[in-house]
1. Mind listing just one residue for me: the one in segment A:53-69 that is within 8 Å of another protein chain (Cβ to nearest Cβ) and open to solvent by 10 Å² or more (accessible area, probe 1.4 Å) and, of those, farthest from A:Leu25 (Cα to Cα)?
2. Please state which of the following conditions A:Ala2 fails to meet, knowing it meets all the rest: (1) open to solvent by 10 Å² or more (accessible area, probe 1.4 Å); (2) closer than 27 Å to B:Asp192 by Cα; (3) facing another protein chain (nearest Cβ under 10 Å).
3. On the given criteria, is A:Ser58 touching a His at 6+ places or on another chain (Cβ under 8 Å) and within 12 Å of ligand 2 (Cβ to nearest atom)?
4. Tally the residues that are within 12 Å of ligand 1 (Cβ to nearest atom) and within 18 Å of B:Met81 (Cβ to Cβ), restricting the search to segment B:104-149.
5. What are the residues in segment B:67-87 that are open to solvent by 60 Å² or more (accessible area, probe 1.4 Å) and at pLDDT 95 or above, if any?
6. When residues of segment B:214-229 are filtered for being open to solvent by less than 60 Å² (accessible area, probe 1.4 Å) and within 18 Å of B:Pro126 (Cα to Cα), how many remain?
7. Go through segment A:121-145 and give me each residue that's more than 11 Å from chain B (Cβ to nearest Cβ) and open to solvent by less than 70 Å² (accessible area, probe 1.4 Å).
8. Output the residue which, of all residues in segment B:25-35 that are surrounded by 22 or more Cβ atoms within 10 Å (Cβ to Cβ) and out of contact with any Leu (no Cβ under 6 Å at 6 or more places or on another chain), is farthest from the other protein chains (Cβ to nearest Cβ).
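The values are calculated or read from the model by the stated rules, or taken from the named source; none is laboratory data. In this text, all values refer to a predicted model and were calculated from it rather than measured experimentally. So basically every Cβ, Gly included, is an ideal-geometry build from the backbone, and we count neighbours across all protein chains shown. For accessibility, only protein heavy atoms count, side chains too; no ligands or nucleic acids. Shrake-Rupley method; radii C 1.70, N 1.55, O 1.52, S 1.80 Å.
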Amino acid sequence: MAKTRIELTVNGQAVEGLVEPRTLLIHFLREQLGLTGPHIGCDTSHCGACTVDLDGKSVKSCTLFAVQAQGSQVLTIEGLAAADGTLHVLQEGFRQMHGLQCGFCTPGMITRAYRLLQENPRPSEQEIRFGISGNLCRCTGYQNIVKAVQYAADRLAGIDVKEAAE
Amino acid sequence: MIPGSFAYHRPQSVREAVAMLADLGEEARPLAGGHSLIPMMKLRLAQPQHLVDLGGIPDLKGVRAEAGDVVIGAMTSQHEMIASPVLAERIPLLREVSVLIADPQVRYMGTLGGNVANGDPGNDMPAVMVCLGAIFQLAGPNGERQVAAREFYQGAYFTALEPGEIVTAIRIPAPPAGHGYAYEKLKRKVGDYATAAAAVVLTQSGGRLTSCSIGLTNVAETPLWADGAAALLVGSTLDGETIKQAVAAAEALTAPASDNRGPAEYRTKMAGVMLRRALARARSRAA
Ligand SMILES: Cc1cc2nc3c(=O)[nH]c(=O)nc-3n(C[C@H](O)[C@H](O)[C@H](O)COP(=O)(O)OP(=O)(O)OC[C@H]3O[C@@H](n4cnc5c(N)ncnc54)[C@H](O)[C@@H]3O)c2cc1C
Ligand code: FES
Ligand code: FES
């Protein structure tokens, strides 16, 4: 099948590539752009490990063709920290609150939580749980992930937070 | 899992999309949110040669009130439906259903048009559209026409859509102010399709039901409109005996598959339980 040229913005940088129409966005990101932060967990649209932000929406990049992202703005976990390496407040939250164990789900969790906080800067615990219900974690039991998101929300609201989970 | 090869097309208007689908013939499929179609393509259960992406057609988006109706563009996502102030005010049932569909990521992509056109008995919107008396607006090679949701579903993955036809909008008569509504869905986990689910819209006056409509999800090859059950309830005070008769009438309509969501008998009974709960909650919300 003939390849199609696509142009999009990924983590603030203009990129282009040649893809088959059937190329999934996750494969374009990982294999052509070398962005291996978004993971392939289930490959069946269930786990959320492949979550990236596309034009202000959290999407499962295993369930989207790269051609559908033509002209879009994509944000992956690689685009969250500042250029000088300073962690994003969500990344800091996951570190402080022990929001990860093996880390496999973390890039998807954080990119999803990023959009959640854009839409709802002061979520309740229940709203966080509902907001990340498309992301599965096999390790943590979610408790500390919820705390990590809460930490980031508090910090963004200028509230002083006690560090480290109990 | 990688889908089979196909050619990708992105029309800018409904006219262009319909012409493309007619041109490309049987091997072409419309692509909406892709969250039913792409998983099927990855499993090679669907292998279209051409995908006509409806995502670039502005006319297919948005929710608007039109006299007593609400008109929802086919490409409106479930996420947008949850956020819509028009729906919150006129048809709050749709928010209640939408938040029970899949998970946040799927709802950003999944569209109302795709959900109703897909024809999968597991989809939640079809029974809700049947309950609300929605009308589907279609465009195809022979022009435009309207089909009532109650006449649209003919079997699993088999609908009134003719080859080359697309759903452009869904027109829903808004239930009267003060109506009660509920969608009760039994599922095994977040993101699961229904084991059984029931949609109810009702009105009451002086403690008696003045109208009632019931839709049932995933307990037959098509969504079910339980009009006989609803007719038993109208005029009643929703007393225990009448509810029992109505639930029995609704259960009698079902013909669920036995699958990993449970044996058929269980799913029929769960449809009854969901209906009881939906009736109670709808009534508690009715003025
Ligand atoms: C993990 C997961 C969980 C899910 N859980 C649920 C759930 O609980 N309940 C539920 O209802 N759904 C569920 N879904 C399905 C989801 O809601 C889909 O998005 C929806 O069924 C189809 O909408 P779509 O826009 O993605 O359509 P697509 O996948 O793009 O299309 C589906 C089918 O409809 C056709 N089509 C699409 N739009 C039109 C149109 N306008 N006119 C004519 N034909 C059209 C396509 O050709 C295709 O055959 C789930 C999906 C996933 C991945
Ligand atoms: S890999 Fe995409 S949802 Fe699991
Ligand atoms: S930390 Fe291991 S899957 Fe979440």
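1. A:Lys57
2. (2)
3. Working: touching a His at 6+ places or on another chain (Cβ under 8 Å): no; within 12 Å of ligand 2 (Cβ to nearest atom): yes.
The answer is no for A:Ser58.
4. Of the residues in that region, 24 qualify.
5. Just the residues of segment B:67-87 that are open to solvent by 60 Å² or more (accessible area, probe 1.4 Å), to begin with: B:67, B:80, B:83, B:85.
Selection gives B:Glu80, B:Ala83, B:Pro85.
6. So the first thing to find is which residues in segment B:214-229 are open to solvent by less than 60 Å² (accessible area, probe 1.4 Å), and the list is B:214-220, B:222-224, B:226, B:228-229.
Among the residues that remain, those that are also within 18 Å of B:Pro126 (Cα to Cα) are: B:214-220, B:222-224, B:226.
Adding up the residues that qualify gives 11.
7. Residues satisfying the conditions are A:Pro123, A:Ser124, A:Ile128, A:Cys137, A:Cys139, A:Thr140, A:Gly141, A:Tyr142, A:Asn144, A:Ile145.
8. Residue satisfying both the conditions and the ranking: B:Gly33.
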